[in-house]
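The values are calculated or read from the model by the stated rules, or taken from the named source; none is laboratory data. As the structure is a prediction and not an experimental result, all values here were calculated from the model. Don't worry about glycine lacking a Cβ; one is built from the backbone with ideal geometry, like all the others, and counts go over all protein chains shown. Heads up: the accessible areas ignore ligands, DNA and RNA and are worked out on the full protein's heavy atoms, side chains in. Shrake-Rupley method; radii C 1.70, N 1.55, O 1.52, S 1.80 Å.
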Amino acid sequence: MINLPLLLALEVSNTEVEGGLFDFNATLPLMALQFLALTVILNFIFYKPITNVLDERDEYIRNSLTTASASLVKADDLTRQYEQELAESRKQAQDIIRKSQQEAQQIVSDKIKEAQQDAEKLVSEASNQLNVQKEQALKTLEDQVGALSDQIKSKLLSN
């Protein structure tokens, strides 16, 4: 009986073992050329378009950032300008309010003075009229007292 595994082992030992882990024959340069060709093809097909897209995106982001920063600076300037204008407007409004209050107080004080002068004129006219009426009443009373005294005298003398 022939042992099959032993027979196979003898045949393997009789054959020459070529290559192995590091076999330097014509396939190595071919593999290197394939690697270089694949690298060039991938570079043109994938890496350059991706690099272009990334560069365009980077440029777009950079432009957007510069535009945004310019807009922010402009907005800050406008905000500062509007705040100054608002402060000036508030100051002018306060000045206008103060002036109108002063004018209103002046008008009120003038009207009060006019009213007081009118009241004083009315009081003095009324006082003058009362004095005139008083003098007339006294003259009338004196005349009546004189006439009554004469009547009393004449009655007393006639009796």
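Cβ under 11 Å from ALA119's Cβ, ALA119 left aside: what net charge do those residues give with Lys, Arg +1 and Asp, Glu -1? Kindly include the intermediate steps, with their values, before the conclusion.
On the way: positive: LYS113, LYS121; negative: GLU114, ASP118, GLU120, GLU125.
It works out to a net charge of -2.
Dipole of the stretch 49-159, Cα-centred, from +1 at each Lys and Arg C-beta and -1 at each Asp and Glu C-beta, to the nearest 20 debye? List each step's numbers first, then the result.
Values: 15 positive and 20 negative charges, 159 e Å.
Using only the charged Cβ atoms, the result is roughly 760 debye.
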Rounded to the nearest 10 Å², the accessible area of THR39 at probe 1.4 Å: 60 Å²
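Based on the Cβ-Cβ distance of SER89 and SER69, what FRET efficiency does E = 1/(1 + (r/R0)^6) give at R0 = 41 Å, to the nearest 0.05?
Numbers: r = 30 Å, r/R0 = 0.73.
Once the sixth-power term is evaluated, E becomes 0.85.
Starting from the stretch 109-159, pick out the GluC sites (Glu not before Pro) whose DSSP state is loop and whose Cβ has at most 14 other Cβ atoms within 10 Å.
Numbers: sites: GLU114, GLU120, GLU125, GLU135, GLU142; in loops: none.
Sites meeting the loop and neighbour criteria: none at all.
Note the full-extension length gain between ILE152 and VAL132 as 0.36 nm times their separation in residues minus their Cα-Cα distance, in nm to one decimal.
Details: separation 20, 0.36 × 20 = 7.20 nm, distance 2.94 nm.
Taking ILE152 through VAL132 to full extension adds about 4.3 nm, to one decimal.
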